[in-house]
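Worksheet: the structure to be examined is printed underneath.
The values are calculated or read from the model by the stated rules, or taken from the named source; none is laboratory data. Keep in mind that this is a model prediction, so the values were computed, not measured. A quick note on method: Cβ atoms are made from the backbone with ideal geometry, for glycine too, and the neighbour counts reach across all protein chains shown. These accessible areas exclude ligands, DNA and RNA; they are computed on the full protein's heavy atoms, side chains included. Shrake-Rupley method; radii C 1.70, N 1.55, O 1.52, S 1.80 Å.
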Amino acid sequence: MCCNENFEERNKGEKINTALDLSEISGMKFFDPHVHMTSRTTDDYQAMADAGIVALIEPAFWLGQPRTGVDSFTDYYSSLIGWERFRSSQFGIKHYCTIGLNSREANNEKLAEQVMEILPQFIFKEGVVGVGEIGFDDQTAAEEKYYRLQLELAKEAGLPVQIHTPHRDKKKGTQRSMDIAIEQGLDPYMVIVDHNNEETVKEVLDRGFWAAFTIYPFTKMGNERMVEVVKQYGSERIMINSAADWGISDPLAIPKTAALMKRSGISMADIELVTYRNAITAFAQSGQINEQDFIAVKNIDQSQKFASNSILRGGQQPRIDKNSIIIS
(Lines give C-alpha, C1' and ligand atoms only; values in the text may rest on other atoms or scores of the structure.)
Protein backbone atom coordinates (compact mmCIF):
# COMPACT_ATOMS: atom_id res chain seq x y z
CA MET A 1 0.00 0.00 0.00
CA CYS A 2 2.78 2.34 0.99
CA CYS A 3 4.81 1.55 -2.12
CA ASN A 4 1.80 2.06 -4.37
CA GLU A 5 1.12 5.41 -2.76
CA ASN A 6 4.73 6.47 -3.27
CA PHE A 7 4.60 5.35 -6.89
CA GLU A 8 1.41 7.33 -7.46
CA GLU A 9 2.93 10.39 -5.82
CA ARG A 10 6.02 10.12 -8.05
CA ASN A 11 3.83 9.76 -11.11
CA LYS A 12 1.75 12.72 -10.02
CA GLY A 13 4.89 14.76 -9.56
CA GLU A 14 6.19 13.76 -12.97
CA LYS A 15 2.99 14.82 -14.64
CA ILE A 16 3.15 18.18 -12.93
CA ASN A 17 6.80 18.62 -13.95
CA THR A 18 6.36 17.62 -17.60
CA ALA A 19 2.99 19.14 -18.48
CA LEU A 20 3.19 21.88 -21.05
CA ASP A 21 2.48 25.29 -19.57
CA LEU A 22 2.91 27.98 -22.17
CA SER A 23 2.55 30.65 -19.50
CA GLU A 24 6.15 29.85 -18.51
CA ILE A 25 7.35 31.27 -21.82
CA SER A 26 4.57 33.78 -22.37
CA GLY A 27 5.75 36.80 -24.33
CA MET A 28 8.83 35.09 -25.74
CA LYS A 29 9.46 35.02 -29.49
CA PHE A 30 10.86 32.01 -31.31
CA PHE A 31 12.38 31.37 -34.72
CA ASP A 32 12.36 27.80 -36.08
CA PRO A 33 15.17 27.65 -38.67
CA HIS A 34 14.32 24.14 -39.91
CA VAL A 35 10.75 22.91 -40.19
CA HIS A 36 9.03 21.18 -43.13
CA MET A 37 5.65 22.87 -43.09
CA THR A 38 4.59 21.32 -46.40
CA SER A 39 4.11 18.18 -44.29
CA ARG A 40 2.11 19.91 -41.53
CA THR A 41 -1.49 21.00 -41.12
CA THR A 42 -3.02 24.39 -40.42
CA ASP A 43 -3.55 23.18 -36.84
CA ASP A 44 0.22 23.12 -36.47
CA TYR A 45 0.57 26.65 -37.81
CA GLN A 46 -2.02 27.86 -35.30
CA ALA A 47 -0.36 26.05 -32.42
CA MET A 48 3.04 27.43 -33.39
CA ALA A 49 1.71 30.98 -33.58
CA ASP A 50 0.02 30.60 -30.19
CA ALA A 51 3.30 29.36 -28.70
CA GLY A 52 5.25 32.42 -29.87
CA ILE A 53 6.86 31.24 -33.10
CA VAL A 54 7.05 34.37 -35.27
CA ALA A 55 9.20 33.14 -38.16
CA LEU A 56 10.52 29.93 -39.67
CA ILE A 57 12.71 28.52 -42.41
CA GLU A 58 11.52 25.61 -44.54
CA PRO A 59 14.41 23.76 -46.19
CA ALA A 60 13.88 21.83 -49.40
CA PHE A 61 14.05 18.15 -48.53
CA TRP A 62 13.26 14.53 -49.29
CA LEU A 63 9.52 13.87 -49.68
CA GLY A 64 9.56 10.22 -48.60
CA GLN A 65 9.78 8.67 -52.06
CA PRO A 66 11.97 9.45 -55.06
CA ARG A 67 10.80 12.15 -57.43
CA THR A 68 10.77 10.94 -61.01
CA GLY A 69 11.25 14.11 -63.01
CA VAL A 70 12.63 17.62 -62.84
CA ASP A 71 9.14 19.13 -63.13
CA SER A 72 8.27 17.75 -59.70
CA PHE A 73 11.25 19.67 -58.27
CA THR A 74 10.11 22.80 -60.08
CA ASP A 75 6.63 22.53 -58.61
CA TYR A 76 7.99 21.77 -55.14
CA TYR A 77 10.41 24.69 -55.09
CA SER A 78 7.63 26.93 -56.43
CA SER A 79 5.38 25.87 -53.55
CA LEU A 80 8.05 26.82 -51.01
CA ILE A 81 8.25 30.39 -52.29
CA GLY A 82 4.53 30.59 -53.11
CA TRP A 83 1.69 28.68 -51.48
CA GLU A 84 3.54 27.70 -48.32
CA ARG A 85 4.70 31.24 -47.66
CA PHE A 86 1.09 32.40 -48.12
CA ARG A 87 -0.27 29.66 -45.85
CA SER A 88 2.20 30.60 -43.12
CA SER A 89 1.25 34.28 -43.38
CA GLN A 90 -2.37 33.37 -42.70
CA PHE A 91 -1.31 32.50 -39.17
CA GLY A 92 0.96 35.50 -38.64
CA ILE A 93 4.23 33.59 -39.14
CA LYS A 94 6.92 34.89 -41.49
CA HIS A 95 8.03 32.12 -43.84
CA TYR A 96 11.47 31.77 -45.41
CA CYS A 97 13.05 28.82 -47.15
CA THR A 98 16.31 27.31 -48.33
CA ILE A 99 16.51 25.72 -51.76
CA GLY A 100 18.71 22.80 -52.76
CA LEU A 101 19.02 19.24 -54.05
CA ASN A 102 18.79 16.90 -51.08
CA SER A 103 21.50 14.31 -50.57
CA ARG A 104 19.34 11.22 -51.10
CA GLU A 105 18.17 12.33 -54.53
CA ALA A 106 21.67 13.38 -55.51
CA ASN A 107 22.32 9.70 -56.15
CA ASN A 108 20.05 9.80 -59.21
CA GLU A 109 22.67 11.56 -61.30
CA LYS A 110 20.61 11.92 -64.45
CA LEU A 111 17.88 13.75 -62.53
CA ALA A 112 20.39 15.60 -60.32
CA GLU A 113 21.97 17.17 -63.40
CA GLN A 114 18.59 18.56 -64.44
CA VAL A 115 17.89 19.87 -60.94
CA MET A 116 21.23 21.68 -60.87
CA GLU A 117 20.17 23.52 -64.02
CA ILE A 118 17.01 24.93 -62.42
CA LEU A 119 18.43 25.82 -58.99
CA PRO A 120 19.66 29.28 -60.11
CA GLN A 121 16.07 30.10 -61.07
CA PHE A 122 15.04 29.77 -57.42
CA ILE A 123 17.90 30.69 -55.10
CA PHE A 124 17.63 34.39 -55.93
CA LYS A 125 13.88 34.54 -55.25
CA GLU A 126 12.40 36.62 -52.43
CA GLY A 127 12.34 34.73 -49.16
CA VAL A 128 15.15 32.30 -50.06
CA VAL A 129 17.72 32.65 -47.28
CA GLY A 130 20.16 29.91 -48.17
CA VAL A 131 21.11 26.83 -50.13
CA GLY A 132 19.90 23.73 -48.32
CA GLU A 133 19.45 21.33 -46.92
CA ILE A 134 22.40 19.70 -48.66
CA GLY A 135 25.19 17.34 -47.68
CA PHE A 136 25.46 13.62 -47.10
CA ASP A 137 23.16 10.66 -46.57
CA ASP A 138 25.05 7.47 -47.53
CA GLN A 139 28.23 9.48 -48.16
CA THR A 140 28.53 8.39 -51.79
CA ALA A 141 30.65 9.89 -54.55
CA ALA A 142 27.53 11.29 -56.21
CA GLU A 143 26.43 12.99 -52.99
CA GLU A 144 29.85 14.61 -52.68
CA LYS A 145 29.78 15.77 -56.30
CA TYR A 146 26.47 17.59 -55.97
CA TYR A 147 27.29 18.85 -52.49
CA ARG A 148 30.41 20.53 -53.88
CA LEU A 149 28.49 21.99 -56.83
CA GLN A 150 25.87 23.47 -54.53
CA LEU A 151 28.50 24.90 -52.21
CA GLU A 152 29.93 26.71 -55.23
CA LEU A 153 26.46 27.95 -56.12
CA ALA A 154 25.97 29.29 -52.59
CA LYS A 155 29.37 30.97 -52.63
CA GLU A 156 28.62 32.67 -55.95
CA ALA A 157 25.21 33.82 -54.71
CA GLY A 158 26.54 35.00 -51.33
CA LEU A 159 24.06 32.80 -49.49
CA PRO A 160 24.39 30.80 -46.26
CA VAL A 161 24.52 27.01 -46.53
CA GLN A 162 22.34 24.66 -44.49
CA ILE A 163 24.03 21.26 -44.14
CA HIS A 164 22.18 18.02 -43.48
CA THR A 165 24.49 15.69 -41.56
CA PRO A 166 23.90 11.95 -42.08
CA HIS A 167 21.98 9.75 -39.67
CA ARG A 168 24.55 6.95 -40.07
CA ASP A 169 28.20 7.47 -39.22
CA LYS A 170 27.33 11.02 -38.21
CA LYS A 171 30.70 12.05 -36.80
CA LYS A 172 32.57 11.09 -39.97
CA GLY A 173 29.90 12.67 -42.18
CA THR A 174 29.95 15.90 -40.18
CA GLN A 175 33.73 16.17 -40.31
CA ARG A 176 33.71 15.46 -44.04
CA SER A 177 30.99 18.05 -44.64
CA MET A 178 33.03 20.72 -42.90
CA ASP A 179 36.28 19.70 -44.60
CA ILE A 180 34.69 20.01 -48.04
CA ALA A 181 33.04 23.35 -47.23
CA ILE A 182 36.45 24.76 -46.29
CA GLU A 183 38.06 23.18 -49.39
CA GLN A 184 35.45 24.94 -51.52
CA GLY A 185 36.40 28.25 -49.96
CA LEU A 186 33.37 28.90 -47.77
CA ASP A 187 33.62 30.92 -44.58
CA PRO A 188 32.48 28.62 -41.73
CA TYR A 189 30.41 31.52 -40.38
CA MET A 190 28.25 31.22 -43.51
CA VAL A 191 27.58 27.51 -42.89
CA ILE A 192 24.92 26.08 -40.57
CA VAL A 193 25.71 22.45 -39.72
CA ASP A 194 22.46 20.78 -38.73
CA HIS A 195 21.36 17.68 -36.79
CA ASN A 196 24.28 17.82 -34.36
CA ASN A 197 24.59 15.74 -31.22
CA GLU A 198 26.98 15.43 -28.28
CA GLU A 199 29.51 13.64 -30.50
CA THR A 200 29.82 16.42 -33.08
CA VAL A 201 29.14 19.73 -31.34
CA LYS A 202 32.61 20.51 -30.01
CA GLU A 203 34.38 20.19 -33.36
CA VAL A 204 31.67 22.13 -35.20
CA LEU A 205 32.01 25.05 -32.78
CA ASP A 206 35.80 24.84 -32.57
CA ARG A 207 36.02 25.15 -36.36
CA GLY A 208 33.83 28.26 -36.44
CA PHE A 209 30.65 26.81 -37.94
CA TRP A 210 27.10 27.31 -36.64
CA ALA A 211 25.83 24.28 -34.72
CA ALA A 212 22.14 23.53 -35.17
CA PHE A 213 20.35 20.86 -33.17
CA THR A 214 17.12 19.12 -34.13
CA ILE A 215 14.75 18.39 -31.25
CA TYR A 216 12.98 15.37 -32.73
CA PRO A 217 11.19 12.71 -30.67
CA PHE A 218 12.99 9.37 -30.23
CA THR A 219 15.77 10.22 -32.72
CA LYS A 220 18.34 13.01 -33.15
CA MET A 221 18.16 15.08 -29.89
CA GLY A 222 15.77 15.17 -26.97
CA ASN A 223 15.27 18.49 -25.25
CA GLU A 224 16.56 17.24 -21.90
CA ARG A 225 19.84 16.42 -23.65
CA MET A 226 19.76 19.82 -25.32
CA VAL A 227 19.61 21.52 -21.94
CA GLU A 228 22.83 19.76 -20.97
CA VAL A 229 24.54 20.78 -24.24
CA VAL A 230 23.76 24.46 -23.59
CA LYS A 231 24.95 24.16 -20.00
CA GLN A 232 28.24 22.72 -21.23
CA TYR A 233 28.89 24.77 -24.39
CA GLY A 234 26.93 27.97 -23.83
CA SER A 235 24.85 29.69 -26.48
CA GLU A 236 27.35 31.13 -28.97
CA ARG A 237 26.63 29.89 -32.55
CA ILE A 238 24.15 27.32 -31.26
CA MET A 239 20.54 27.13 -32.42
CA ILE A 240 17.72 24.62 -32.15
CA ASN A 241 15.00 23.56 -34.55
CA SER A 242 12.15 21.06 -34.79
CA ALA A 243 12.70 19.70 -38.33
CA ALA A 244 9.04 18.70 -38.02
CA ASP A 245 8.03 16.77 -41.12
CA TRP A 246 5.87 13.81 -42.17
CA GLY A 247 7.42 11.64 -39.46
CA ILE A 248 6.61 11.52 -35.75
CA SER A 249 7.75 15.03 -34.90
CA ASP A 250 6.74 18.09 -32.91
CA PRO A 251 6.41 21.60 -34.38
CA LEU A 252 6.36 22.98 -30.82
CA ALA A 253 9.80 21.57 -30.03
CA ILE A 254 11.41 25.01 -29.69
CA PRO A 255 9.00 26.62 -27.21
CA LYS A 256 8.91 23.38 -25.21
CA THR A 257 12.69 23.31 -25.05
CA ALA A 258 12.75 26.99 -24.06
CA ALA A 259 10.39 26.22 -21.18
CA LEU A 260 12.58 23.31 -20.10
CA MET A 261 15.71 25.46 -20.30
CA LYS A 262 14.05 28.08 -18.15
CA ARG A 263 13.08 25.47 -15.57
CA SER A 264 16.65 24.17 -15.63
CA GLY A 265 18.17 27.52 -14.71
CA ILE A 266 19.56 28.59 -18.09
CA SER A 267 19.55 32.37 -18.39
CA MET A 268 16.89 34.12 -20.47
CA ALA A 269 19.67 35.72 -22.53
CA ASP A 270 21.04 32.30 -23.50
CA ILE A 271 17.56 30.94 -24.20
CA GLU A 272 16.83 33.85 -26.52
CA LEU A 273 20.06 33.28 -28.44
CA VAL A 274 19.49 29.55 -28.90
CA THR A 275 15.79 29.75 -29.77
CA TYR A 276 15.61 33.03 -31.69
CA ARG A 277 18.53 35.41 -32.17
CA ASN A 278 21.26 33.09 -33.47
CA ALA A 279 19.10 31.76 -36.30
CA ILE A 280 18.35 35.31 -37.40
CA THR A 281 22.03 36.29 -37.26
CA ALA A 282 23.14 33.28 -39.29
CA PHE A 283 20.51 33.41 -42.02
CA ALA A 284 20.28 37.22 -42.19
CA GLN A 285 23.62 36.99 -44.00
CA SER A 286 21.40 36.31 -47.02
CA GLY A 287 20.18 39.89 -46.87
CA GLN A 288 16.60 38.58 -46.80
CA ILE A 289 15.67 38.73 -43.11
CA ASN A 290 14.36 41.87 -41.42
CA GLU A 291 12.71 41.52 -38.02
CA GLN A 292 10.24 44.25 -38.91
CA ASP A 293 8.74 41.77 -41.37
CA PHE A 294 7.75 39.56 -38.43
CA ILE A 295 5.52 42.37 -37.22
CA ALA A 296 4.11 43.20 -40.65
CA VAL A 297 2.92 39.64 -41.26
CA LYS A 298 0.78 39.81 -38.10
CA ASN A 299 -1.86 41.71 -40.10
CA ILE A 300 -3.82 38.57 -40.94
CA ASP A 301 -6.72 38.47 -43.37
CA GLN A 302 -7.76 34.85 -43.78
CA SER A 303 -10.20 35.80 -46.52
CA GLN A 304 -7.20 36.37 -48.80
CA LYS A 305 -6.53 33.85 -51.53
CA PHE A 306 -3.51 32.44 -53.32
CA ALA A 307 -4.11 31.05 -56.83
CA SER A 308 -7.87 31.22 -56.07
CA ASN A 309 -7.42 29.11 -52.95
CA SER A 310 -7.71 29.99 -49.25
CA ILE A 311 -6.86 28.10 -46.07
CA LEU A 312 -10.50 28.13 -44.91
CA ARG A 313 -12.43 24.90 -45.07
CA GLY A 314 -16.06 24.75 -44.01
CA GLY A 315 -15.64 26.87 -40.90
CA GLN A 316 -13.28 24.37 -39.21
CA GLN A 317 -11.16 25.75 -36.39
CA PRO A 318 -7.53 24.70 -35.86
CA ARG A 319 -7.10 22.20 -33.06
CA ILE A 320 -4.34 22.20 -30.48
CA ASP A 321 -3.55 18.94 -28.73
CA LYS A 322 -0.08 19.12 -27.27
CA ASN A 323 0.49 18.31 -23.62
CA SER A 324 4.03 17.13 -22.90
CA ILE A 325 7.07 19.31 -22.54
CA ILE A 326 9.55 16.40 -22.63
CA ILE A 327 10.75 15.19 -26.03
CA SER A 328 12.51 11.87 -25.47
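Annotations
- Protein heavy-atom accessible surface, 1.4 Å probe, per residue over the chain: 44 Å².
- Packing-based order for 262-273, 151-162, 237-248, using average beta carbon neighbours within 10 Å, highest first: 237-248, 151-162, 262-273
- With a Förster radius of 22 Å applied to the beta-carbon distance between Lys171 and Asp270, the computed FRET efficiency rounds to 0.30.
- Highest to lowest packing among 24-33, 140-149, scored as the average C-beta count within 10 Å: 24-33, 140-149
- Taking the square roots of five times each eigenvalue of the Cα gyration tensor of the stretch 202-288, the equivalent ellipsoid has semi-axes of 19, 17, 13 Å, listed largest first.
- Percent antiparallel among DSSP beta bridges (both partners in the chain, rounded to 5): 5
- ³J(HN,Hα) computed for each position of the stretch 221-231 - Karplus, 6.51 cos²θ - 1.76 cosθ + 1.60, integer Hz, glycine/proline x: 10, x, 6, 5, 5, 5, 4, 5, 4, 5, 4
- The chain, helix-only ellipticity at 222 nm - DSSP H runs n ≥ 4, -39,500 (n - 2.57), divided by all residues, nearest 500: -12000 deg cm²/dmol
- Start at zero, step by 20 Å, and the Cα-Cα distances of the chain spread as 32, 57, 10, 1 percent across the bins.
- Amide H to amide H distances under 5 Å link Val191 with Val161, Trp210, where only residues 5 or more positions off or on other chains count and H is placed in the peptide plane.
- √(5λ) per eigenvalue of the Cα gyration tensor, the stretch 143-260, largest first, Å: 25, 15, 13
- Tilt relative to the chain, helix 2-18 - C-alpha long axis, 0 to 90 degrees, to 10: 50
- The stretch 20-98 has equivalent-ellipsoid semi-axes of 27, 12, 10 Å, by the square roots of 5 times the alpha carbon gyration tensor eigenvalues, sorted largest first.
- Environment charge at Thr200 (Cβ cut-off 12 Å; Lys +1, Arg +1, Asp -1, Glu -1): +1
- Segments 129-138, 104-113 sorted - mean Cβ within 10 Å per residue, highest first: 129-138, 104-113
- Distant-in-sequence amide H partners of Ile53 (H built 1.01 Å from N, under 5 Å): Phe30
- Cross-link partners for Lys262 among the lysines, with Cα-Cα distance under 27 Å and sequence neighbours closer than 8 places in the same chain left out: Lys12, Lys15, Lys29, Lys94, Lys202, Lys220, Lys231, Lys298, Lys322.
- Charged neighbours of Gly132, selected by a Cβ distance under 11 Å, balance to -3 (K, R count +1; D, E count -1).
- Taken as Cα centroids, the stretch 229-254 and the stretch 141-186 sit 21 Å apart, rounded to the nearest whole angstrom.
- Averaging the sequence gap over all C-alpha pairs within less than 8 Å and six or more residues apart, then dividing by the number of residues, gives the chain a relative contact order of 22 percent.
- With a simple spin-label model that places each label point 7 Å from the Cα along the Cα-to-Cβ direction, the separation between Ser79 and Ser26 comes to 3.8 nm.
- On full extension, the segment bounded by Asp138 and Asn107 gains 10.2 nm, given 0.36 nm per residue less the C-alpha separation.
- Amide proton proximity set for Gly130, modelled H, under 5 Å, gap of 5+: Ile99
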